[in-house]
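A short worksheet on the structure shown next.
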Amino acid sequence: MASLAQQFAGLRCPPISISRLTERAATFSKPKRAANFVVTAKAVAISNAQTKEREKLKQLFEEAYERCRTAPMEGVSFTVEDFHSALDAYDFNAEIGTRVKGTVFMTDNNGALVDITAKSSAYLPVQEASIHRIKRLEEAGIVPGMREEFVIIGENEADDSLILSLRSIQYELAWERCRQLQAEDVIVKGKVVGGNKGGLVAVVEGLRGFVPFSQISSKSTAEELLDKEFPLKFVDVDEEQSRLILSNRKAMADSQAQLGIGSVVTGTVQSLKPYGAFIDIGGINGLLHVSQISHDRVSDIATVLQPGDTLKVMILSHDRERGRVSLSTKKLEPTPGDMIRNPKLVFEKAEEMAQTFRQRIAQAEAMARADMLRFQPESGLTLSSDGILSPLNSDMPAEGLDLSDVPPADKSDGTSEKESD
């Protein structure tokens with residue numbers, strides 16, 4: 001230990017100089033004061049800039065407030081009236097029964113969302129999309145982008161959305177159309193969709209009408225007429241009572257009244273029998289007997305006609321009491337056998353051949369009347385050897401009636417002229 005103390009005692013340290021400490025302290029203290037001065041100057045500059053910005057914003061707000069207070073409409077491109085008009089354009093009556101314009105923008109299996117410029121979208125259920133029964137909106141032509149007029153029929157309380165309908169509008173149009181058809185007393189086609197003990201239910205213009213059995217001319221049952229169309233006329237059209245009464249008997253009577261002997265009508269082959277074919281001519285079934293198909297013998301009707309074929313036929317006879325109509329294509333053949341070999345030619349020449357047939361009928365009837373008058377002098381007329389009907393007394397025209405003016409059936413080929421010469 002003594003040696004260690006002696007060693008430390010031998011060490012010598014230089015004395016500390018006061019001037020050196022003072023210089024070092026000055027060296028460390030001068031930069032700090034300069035830095036503090038720079039930071040303080042920057043803070044003052046930022047504060048001044050913020051103050052000026054606040055003053056500027058304050059001045060702008062004060063000016064804007066003053067303009068709003070003294071001249072609120074200055075610089076506005078539309079007036080208060082324009083503003084209210086714009087609000088009215090997007091405001092509508094949302095009461096039930098109100099009609100609104102809307103655009104379909106989305107569809108699904110259950111319905112469609114429609115934009116009617118309301119606070120929320122409106123909904124069109126699929127069952128309200130058409131007067132006809134449909135399963136998909138596409139069947140009624142409803143697709144996104146379609147713009148149509150709808151009627152409000154309810155409100156969905158869950159989301160305050162409106163429920164729309166096209167079916168209600170179409171019903172109103174259908175009733176109006178039926179009233180118009182009744183006023184015009186026209187014949188329409190109705191499809192049988194059901195029946196009961198009193199009659200049939202038929203759809204006309206999308207509405208379900210009732211046809212009493214007493215107003216059906218056919219003896220067919222409701223099951224036989226189901227899903228078939230037949231002619232109808234309106235008896236009663238009452239929208240308020242939702243009553244639509246139809247008559248097949250009136251339609252058939254009017255149709256039959258238009259069937260004149262020798263007239264040409266277009267029909268459709270309904271069925272084939274061994275003795276002939278039944279032809280539908282506007283709701284009336286006529287018989288085209290096998291002997292009246294062609295001048296040539298027809299051994300098998302199926303080789304000439306098939307169910308569903310459309311053809312032109314001529315009315316041979318019409319028994320209104322029994323409801324029977326006899327038809328013929330044989331009388332329409334330009335050349336015997338054309339109905340078998342070239343039926344298209346028969347149909348093209350149908351009106352021309354029918355006119356020839358009617359001329360023959362008229363000539364035959366005139367000659368029959370003349371023969372009858374020849375043996376009935378009490379009628380006051382007499383028939384000369386030249387074929388002229390003349391009066392027996394002086395009160396009748398002296399020249400009488402010249403039956404030679406009736407054109408013969410074969411005048412077109414000049415045969416009768418040669419014979420008369």
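Count of segment 314-346 residues, restricted to those that are in contact with a strand residue (DSSP E or B) (Cβ under 9 Å, 6 or more places away or on another chain), surrounded by fewer than 17 Cβ atoms within 10 Å (Cβ to Cβ) and without any contact (Cβ under 8 Å) to a residue 60 or more places away in the chain, is 3. Scanning segment 181-193 for residues that are open to solvent by less than 20 Å² (accessible area, probe 1.4 Å) and among the small types (Gly, Ala, Ser) turns up just one, Gly190. When restricted to residues that are closer than 28 Å to Ser130 by Cβ, of a type in the set (D, E, K, R) and crowded, with 18+ Cβ neighbours inside 10 Å, segment 206-250 contains 1. The residue list Val269, Val313 contains one member that is in the same structural domain as Pro336 (by the TED database), over 24 Å from Ile361 (Cβ atoms) and modelled with pLDDT of 85 or more, which is Val269. From the list Ala112, Ala140, Ala118, Ala122, the lone residue that is under 28 Å from Glu239 (Cα atoms) and open to solvent by less than 60 Å² (accessible area, probe 1.4 Å) is Ala140.
Considering segment 90-105, the residues that are of a type in the set (A, V, I, L, M) and open to solvent by less than 100 Å² (accessible area, probe 1.4 Å) include one that is modelled with the highest pLDDT, namely Val104. Residues in segment 187-233 that are without any contact (Cβ under 8 Å) to a residue 12 or more places away in the chain and in contact with a Phe, Trp or Tyr (Cβ under 7 Å, 6 or more places away or on another chain): Val201 only.
Does Lys349 fit the bill of being among the charged types (D, E, K, R) and surrounded by fewer than 13 Cβ atoms within 10 Å (Cβ to Cβ)? No: the conditions fail for Lys349.
Selection of segment 127-152 for residues being aliphatic (A, V, I, L, M) and farther than 16 Å from Phe105 by Cβ yields Ile131, Ile134, Ala140, Val151, Ile152.
The values are calculated or read from the model by the stated rules, or taken from the named source; none is laboratory data. Keep in mind that this is a model prediction, so the values were computed, not measured. Note: ideal-geometry Cβ built from the backbone for every residue, glycine included; neighbour counts use all protein chains shown. Heads up: the accessible areas ignore ligands, DNA and RNA and are worked out on the full protein's heavy atoms, side chains in. Shrake-Rupley method; radii C 1.70, N 1.55, O 1.52, S 1.80 Å.
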